[in-house]
Each structure stands twice: as structure tokens, then as C-alpha cells.
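Notes follow the structure.
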Amino acid sequence: QVQLVESGGGLVQPGGSLRLSCAASGSIFSINNMGWYRQAPGKQREFVARVTSGGTTNVADSVKGRFTISRDNAKNTVYLQINTLKPEDTAVYYCNAVVVPTTVRAASNYWGQGTQVTVSA
């Protein structure tokens, strides 16, 4: 059993910052990519950022320069630093990880429950 738990969302004013965290726990043998997606009301879920186990990052063009992804492999945790928040960043942010559980030595895709980010004055 593998769980992803996000934290750090909330209500913030335009121009503000947030740091989202996502911790993976459970029967984990290894974690490959970890990343973030978001889904705004009435829209499809979209890719935000990804980081490999080796630290290579990929950030969506729409948020590049404002969003930074990082991870702590020792803690099985991925972070998303969001700066200069805009109202259009309002969405539920979901953590995603490709995990190899100890019980089944095959990679599977896991999702967190999501954390709400609301940008409003």
C-alpha cells in the first residue's frame, strides 16, 4: 500500500507565495518520477511540473519562472514552490508519483487526494 499526502494549500492574495508538499509513504521500494498536476474548475487536469529521481526537472511553460519543483529522496517528499501567484493559478493541486512497491516489483502511478489553492484578493 502506497499513499501520497499533500499539504500546504490555502487561500492567498495575488502576488503571494505558497509551498506545497507531498509525502509518499507505505511499502515503497523505490520512487521514479514525482510531480504535480492541477485542475481548475471546469477544466481538465493539466501537468505542472515533474522531477526525476536524479533531480532533473520539467516545468510547464505556463508556469515557468514562477513555479519550482524539488524533492527530498530521503524523505520521499516532493515540493512545489509557487511564487507570484495569480488568480488563474486557482485549482486543486494533485501530487503524482511513479512508485515501485516492495510487494510488487513493478512501477505504478499513484495520486494524492489533492490540495486546494485559491488565489483571491
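The values are calculated or read from the model by the stated rules, or taken from the named source; none is laboratory data. All figures in this text were calculated on a predicted structure; none of them were measured in a lab. Using ideal geometry, Cβ is built from the backbone for each residue, glycine included, and neighbour counts are taken over all protein chains shown. Ligands, DNA and RNA are stripped out before the accessible areas are found, and what is left, the full protein with its side chains, is counted by its heavy atoms. Shrake-Rupley method; radii C 1.70, N 1.55, O 1.52, S 1.80 Å.
Here are some notes:
- Computed from the Cβ-Cβ distance with R0 of 35 Å, the FRET efficiency linking Ala60 to Phe29 stands at 0.75.
- Cα pair count fraction exceeding 12 Å, expressed as % - segment 43-96: 68 percent
- Nonpolar atom fraction for segment 18-79, defined as the carbon and sulfur part of the 1.4 Å probe accessible area, stands at 44 percent.
- 10 Å Cβ shell holding at most 10 others, DSSP loop, trypsin sites (Lys or Arg not before Pro): longest site-free stretch of the chain: 44-104
- When the Cα atoms of the chain are aligned to their principal axes, the ranges along those axes come out at 47, 25, 23 Å in descending order.
- For the chain, the solvent-accessible area with a 1.4 angstrom probe is 51 square angstrom per residue.
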